[in-house]
Structures are given as structure tokens and as C-alpha cells.
Amino acid sequence: MKCYLCPNDCGIDRSERAGLCKVGEEMRICRIAPHFYEEPVISGEKGSGTVFFSGCGLDCSFCQNYEISKTATGKIFTPENLADELKKLVDTGVHNINLVTPTHYSDRIRKTLDIYRPPIPVVFNTSGYEKAEIIKEMNDYVDIYLTDFKYSSNGKAEEFSGRNRYFDYCLSATEEMVKSKPLVYGEDGTLKSGVIVRHLYLPGEWENTKGVIDIFADRWKDSAVFSLMSQFFPTYKSPIKRTLKPVEYKIAVNYILKKGVENCFVQELSSADSSFVPDWNLL
């Protein structure tokens with residue numbers, strides 16, 4: 001069947017060859033394990049039950065997960081296989097099931113969740129390069145959207161991720177997410193429902209970050225959580241060769257406060273370290 005799951009609309013029959021996401025139709029997974037480096041309301045004390053899928057619909061030059069996003073690596077799982085693994089994750093006591101870079105497998109993920117619906121929240125952890133209609137199809141299966149908002153213009157998306165309409169798709173998809181999932185917290189402080197909008201601050205690209213903060217503040221500051229990520233370090237084919245400067249970080253934090261965004265997380269500069277990249281051999 002020709003694939004139109006993501007905004008690439010490549011129309012490739014992924015049973016015959018890889019799509020622009022670089023993978024075929026069978027789910028390839030590189031890591032299934034508790035993860036403790038998400039936002040506190042996601043990781044909590046017991047961790048987030050992450051499932052890292054291979055492949056990606058974007059082509060980011062600075063991708064920190066390039067070892068799995070750029071190739072069809074990992075182990076093949078059927079929906080039945082994955083359902084069994086989700087049960088095991090739940091048994092470890094994690095706070096949620098966290099599906100990382102899931103878009104190009106969203107049809108198979110729905111089949112998986114039809115087989116086994118976890119008794120804990122399901123997190124759709126996405127680059128933000130989404131079709132609003134696919135988000136609507138996922139709404140009955142997903143409790144939390146953990147979505148990137150990488151760029152405040154299509155031009156920057158083309159420059160760094162090779163896609164010329166990222167902003168348009170990300171904006172409409174995020175609107176659908178926020179409309180569909182109100183913020184709900186559990187007694188333990190972890191998120192049970194809602195949307196976290198993440199933004200990775202690229203060194204030297206303040207205007208891009210400022211634009212994303214403006215969009216969030218104007219549209220969603222009372223209905224979603226903002227997460228400013230400062231973990232950028234030069235990797236893969238990045239044209240940016242440095243980490244954030246403390247003054248850049250301070251400017252962004254002050255601007256978030258100026259815009260009245262109180263429901264937010266700000267990552268520490270110490271996160272810009274390759275040691276936080278997961279081990280991809282945990283299956």
C-alpha cells in the first residue's frame with residue numbers, strides 16, 4: 001500500500017522499498033527500556049517506558065539520534081510482538097509508554113494498541129512534522145503528545161531539516177493536539193493527559209527560538225506545557241559547530257518569563273553532552 005502517513009506524501013509502497021522515512025512498512029525498533037531523561041512530568045521517579053523506532057520523516061543535519069533515524073536499523077517487530085513488550089514495560093513500573101519517532105509506523109502502532117491497551121498513559125513523542133488528520137486518527141490511542149516545534153518559519157526548516165513546509169504542518173498538527181488533550185496531572189505529579197511543546201534552541205538562531213516562544217505564548221501558554229531544550233551539541237552533519245553560550249541561554253529564559261509562559265521546563269546547559277544519547281542496543 002502506498003504510504004501517505006507523514007507530510008512527505010512520498011506515495012511509496014513501503015512493502016517493496018523504503019519511503020523517504022528510510023524504512024519499510026515493518027516496525028523496526030532500536031531500544032525498549034525505561035528512560036529517565038525526559039521532562040520531570042514524563043520521567044517521574046520510575047522512568048518513562050520508551051520505544052525508539054528507527055527511521056524518520058525529517059532529514060535534520062544536527063540529529064543526535066542519527067544512528068537510528070537515518071537507516072533501517074533495529075529489530076523487526078509485529079504488532080503482536082510489540083504488544084508483548086509493552087506489557088513487560090508496564091510491569092517495570094514506568095509512568096507511561098513513550099513511543100519515540102512513531103509517525104511512519106502510526107498505522108501499525110494503532111494495531112498494537114488494539115491488541116493491548118496499557119493501563120498507563122501512552123505518549124506520542126514526535127518531531128512535529130505531522131498531518132493533522134493523522135493526529136486525529138491517533139487521538140483515541142494517545143494520552144500525551146510530546147511534540148517538537150523546531151522552527152518558526154519554513155525557511156529555517158528547509159535549511160536545517162530539508163523540508164520546506166515543516167512550519168505549516170507543525171502548526172496545524174499542534175493545534176489539533178492541544179485541542180484534543182487537556183492538561184491533567186496525577187497525584188504523583190506526572191502528566192496523565194496533555195501536550196508538551198518542545199523546542200531545541202540552536203546556537204546562533206535566536207530569532208528562530210524567539211519566534212517559537214512567541215507562537216506558544218500567543219496560542220497555548222494556558223493549555224499546554226513549553227519545554228526549552230538546550231542540549232544541542234555538534235553531531236552528524238551539523239553546520240553549527242558549537243553549543244549554546246550562557247548569554248544565549250539567559251536571553252531565552254528571560255524572554256520566556258517576559259512572555260508570561262509559566263507552565264514550562266528549561267533544560268540545563270549541562271545537557272549538551274553526547275553521554276545523554278541512549279544506548280541503542282537494549283532489546
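What follows draws every value from the coordinates through simple rules; no lab data is involved. What you see is a predicted model, and the numbers here were worked out from it, not measured in a lab. Positions of Cβ are generated from backbone atoms using ideal geometry, with glycine treated the same way; all protein chains shown enter the neighbour counts.
Show log10 I(q)/I(0) for the range 117-181 at q = 0.15 Å⁻¹, two decimals, from a solvent-free Debye sum over equal Cα scatterers.
-0.46
What ranking do 96-108, 216-228 get when scored by the average of other Cβ atoms within 10 Å per residue, highest first?
96-108, 216-228
How would you rank 43, 275, 180, going from fewest to most other Cβ atoms within 10 Å of each one's own Cβ?
275, 180, 43
Along the positive direction of the dipole of the range 27-276 (beta-carbon charges: Lys, Arg +1; Asp, Glu -1; about the Cα centre), which of 153, 170, 225 reaches farthest?
Checking the options against the dipole of the range 27-276, the answer is 153.
Given a Förster distance of 30 angstrom, what is the FRET efficiency for residue 81 paired with residue 132, based on the Cβ-Cβ distance and rounded to 0.05?
According to the calculation, E is roughly 0.50.
Just how large is the dipole of the range 27-276 about the Cα centre, in debye to the nearest 20, putting +1 at every Lys and Arg Cβ and -1 at every Asp and Glu Cβ?
460
Report, in listed order, any pair from 111/221; 150/192; 46/131; 70/221 with a Cα-Cα distance greater than 26 Å.
111/221; 46/131; 70/221, as the Cα separations exceed 26 Å there.
Output needed for the range 146-230: three equivalent-ellipsoid semi-axes, defined as square roots of 5 times the C-alpha gyration tensor eigenvalues, in descending order, whole Å. Intermediate results must be reported in sequence, preceding the final value.
Values: eigenvalues 119, 38, 22 Å².
Output for the range 146-230: semi-axes of 24, 14, 11 Å.
Taking the Cβ of each residue in 2, 111 as the centre, tally the other Cβ atoms inside 10 Å and list the residues starting with the fewest.
2, 111
Between the range 158-214 and the range 49-123, what is the separation of their alpha carbon centroids in Å?
Going from one Cα centre to the other spans 20 Å.
So if the hydrodynamic radius of the range 194-270 is defined as the Kirkwood radius over C-alpha pairs, what does Stokes-Einstein give as its diffusion coefficient at 37 °C and 0.692 mPa s, in µm² per second?
Working: Rh = 12.8 Å.
The calculation lands on 257 µm²/s.
Can you list the aspartates and glutamates whose alpha carbon is less than 16 Å from that of residue 237, not counting same-chain residues fewer than 8 positions off?
In chain and number order, the partners are 59, 67, 158, 159.
By the 4.7 Å beta carbon criterion, which cysteine residues of the chain come out unpaired?
Singleton cysteines: 3, 6, 10, 21, 30, 56, 170, 264.
Between residue 1 and residue 250, what is the FRET efficiency for a Förster distance of 35 Å, r being their Cβ-Cβ separation, to the nearest 0.05?
With a Förster radius of 35 Å, E is 0.10.
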